[in-house]
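A.B. asks: This structure is in structure tokens; I'll ask about it shortly.
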Amino acid sequence: MASLGHIAIGIAAGRFHGEPRTKVAWMGAFTVLSLAPDLDVIGFPLGIAYEDPFGHRGASHALLVALLGGLVAVAPQRHRMRGALLGVAVLASHGLLDSLTDGGLGAALFWPFSEARHFAPWRPIPVAPIGAGLVSARGIYVLAVEAVVFSPLLIYGLWPRRAEPKLSDDDDADRGAREPGPPAPTARRSESPDR
């Protein structure tokens with residue numbers, strides 16, 4: 001994949017998870033998390049071959065790694081269970097989406113139990129060229145396909161939320177008249193002895 005789909009997953013997860021004032025931060029965090037499995041490409045200059053267990057689409061794309069990584073990545077935050085489940089889903093989506101591509105070697109979804117690479121039975125997403133090849137006719141084509149396929153998630157994630165209506169001064173005064181406030185202080189009788 002050209003990563004636009006992974007980015008769309010992260011943006012949508014962040015929008016779903018974040019409160020209005022924190023949603024942008026969550027979108028960024030989940031987007032980084034959704035792209036993290038592709039850090040395995042640093043293995044190429046280190047001599048790790050694509051087909052090796054730690055090569056591209058290898059161990060970093062495994063569902064077990066997604067489970068552990070998602071739990072660890074969101075552990076320090078307030079809404080732990082919801083965030084952890086989203087973190088796991090976002091990480092797991094990476095390998096699953098890569099298995100929907102029409103090229104490469106597949107994803108090692110069941111590593112460390114199996115080093116076999118897997119493809120889904122249906123593979124509608126064209127595989128993207130790696131590296132600078134993304135800036136080519138093929139790369140542009142893959143980005144266009146991903147933009148169409150993942151447009152619902154991108155629209156959901158980026159569509160502006162409706163702002164809460166601001167109350168005018170008249171609305172505040174009306175609301176104050178309708179809502180009971182604290183009881184008014186009552187005058188106490190003086191208990192002075194000169195009476």
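The values are calculated or read from the model by the stated rules, or taken from the named source; none is laboratory data. Quick caveat: nothing in here was measured; it's all calculated off a predicted structure. Quick reminder, even Gly has a Cβ in these numbers, built from the backbone with ideal geometry, and neighbours come from all protein chains shown.
A.B. asks: From PHE54, PHE44, grab the single residue that is of a type in the set (Phe, Trp, Tyr), surrounded by fewer than 22 Cβ atoms within 10 Å (Cβ to Cβ) and modelled with pLDDT under 95.
C.D. replies: Only one candidate passes the filter, namely PHE44.
A.B. asks: Examine the range 115-135 for a residue that is more than 21 Å from GLY10 (Cα to Cα), of a type in the set (Gly, Ala, Ser) and modelled with pLDDT of 90 or more, and state whether such a residue exists.
C.D. replies: There is at least one residue in the range 115-135 that is more than 21 Å from GLY10 (Cα to Cα), of a type in the set (Gly, Ala, Ser) and modelled with pLDDT of 90 or more.
A.B. asks: Please identify the pairs in which a residue from the range 82-105 that is more than 23 Å from ARG138 (Cβ to Cβ) and in a loop (DSSP other than H, G, I, E, B) has its Cβ atom under 8 Å from the Cβ atom of a residue that is at pLDDT 95 or above and of a type in the set (A, V, I, L, M, F, W, C), counting only partners at least 6 apart or on another chain.
C.D. replies: Close Cβ pairs satisfying both conditions: none exist.
A.B. asks: Modelled with pLDDT of 90 or more and within 30 Å of ARG21 (Cβ to Cβ): does that describe GLY139?
C.D. replies: So GLY139 fails the test.
A.B. asks: Please count how many residues of the range 17-40 are in contact (Cβ under 8 Å) with a residue 12 or more places away in the chain and surrounded by fewer than 16 Cβ atoms within 10 Å (Cβ to Cβ).
C.D. replies: Selection size over the range 17-40: 4.
A.B. asks: May I pose another question? Filter the range 142-169 for residues that are farther than 28 Å from GLY103 by Cβ and among the small types (Gly, Ala, Ser); which is modelled with the highest pLDDT?
C.D. replies: ALA163
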